[in-house]
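S.K.: Mind looking over this structure? Questions follow.
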Amino acid sequence: MKFNLTQMPERYVRPRTNGITMVMDKGLSIDEATSFMSVSHPHVDVLKLGFGTAVVTPNLEKKIEVYRSYDVPVYFGGTLFEAYLVRNQVDDYIAICKHFGIDYMEVSDGSISIPHAEKCGYIEKLTKHGTVLSEVGSKDATHIIPPYKWIELMKAELEAGSSYVIAEAREAGNVGIYRGTGEVREGLVQEILTQIPSEKIIWEAPQKAQQLYFLELIGCNVNLGNIPPNEVIALEAMRIGLRGDSFGLYLDNKTAF
């Protein structure tokens, strides 16, 4: 018997191009990945092996196969791309992605400085080999990018071929679109949305308060990233108003509680 609740939002189902949940795996074992997928796979759209963890993950092919068996695309964190780039080994990066059957690729410049025209050139190059996600924003908390520049960078990267632009926050959610406290830079976010379609942005939002902010601002089908594996079910409940924080979002009578 299905749960029958009225006044529920229309949540898109997989495969979806909007309402994405991108999960960051920072070192799950094969058994943990299997258990995680057995519970959460309907709610996971793409899985990132965080930063450079793929290099030091034992039995990497078996782990990738666990996710692939649930039709969840896997990709390597942008830091790994940068590690290859800074060593002038971009073709080796493409080769290793092909070896592991990785057809999502992240182009970022959070740890190194890349002239933006050059970054867009890499985006264009990698689109010939897979789906490209490009990350905008620095991992350096002292490097504050003004809103007009965020918009300019995002527009150029989408035009270069990125399927989505990722708004940087790190795995802790304390840089980029957030202040060091984790508080959302609301003016920045809202200005970005005046120029960039929300369905083309994945907002890194590892903290519950950050997730709730974007659900209230954009709706249940907002694209969210860097979600910890153990938070996926809780996030999905919050997306549809079945967590205390979001309980009244979709109710007609909001004075009843």
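The values are calculated or read from the model by the stated rules, or taken from the named source; none is laboratory data. A quick note: this is a predicted structure, and the numbers were derived from the prediction, not measured. Heads up, the Cβs are rebuilt from the backbone with ideal geometry, glycines too, and the neighbour counts pull from every protein chain shown. With ligands, DNA and RNA removed, areas are computed over all heavy atoms of the protein, side chains included. Shrake-Rupley method; radii C 1.70, N 1.55, O 1.52, S 1.80 Å.
S.K.: Filter segment 117-171 down to the residues that are aromatic (Phe, Trp, Tyr) and open to solvent by less than 30 Å² (accessible area, probe 1.4 Å), then identify the one that is modelled with the highest pLDDT.
M.R.: The qualifying residue modelled with the highest pLDDT is Tyr164.
S.K.: Continuing with the same structure: Might you check whether a residue that is within 13 Å of the chain's Cα centre (by Cα), assigned to a helix (DSSP H, G or I), within 23 Å of Arg14 (Cβ to Cβ) and among the hydrophobic types (A, V, I, L, M, F, W, C) occurs anywhere in segment 188-208?
M.R.: No: zero hits.
S.K.: Looking only at segment 173-193, decide whether some residue is within 26 Å of Leu28 (Cβ to Cβ), open to solvent by 40 Å² or more (accessible area, probe 1.4 Å) and not hydroxyl-bearing (Ser, Thr, Tyr).
M.R.: yes
S.K.: Among the residues of segment 219-257, what is the count of those that are of a type in the set (Lys, Arg), at pLDDT 95 or above and either open to solvent by 10 Å² or more (accessible area, probe 1.4 Å) or in a loop (DSSP other than H, G, I, E, B) (or both)?
M.R.: 1
S.K.: Are any residues in segment 15-72 open to solvent by 60 Å² or more (accessible area, probe 1.4 Å), over 24 Å from Arg239 (Cβ atoms) and in a loop (DSSP other than H, G, I, E, B), and if so, which ones?
M.R.: Residues satisfying the conditions are Phe51, Pro58, Asn59, Ser69.
S.K.: So which residues in segment 73-99 are assigned to a loop (DSSP other than H, G, I, E, B) and crowded, with 18+ Cβ neighbours inside 10 Å?
M.R.: Within segment 73-99, Pro73, Gly77 meet the criteria.
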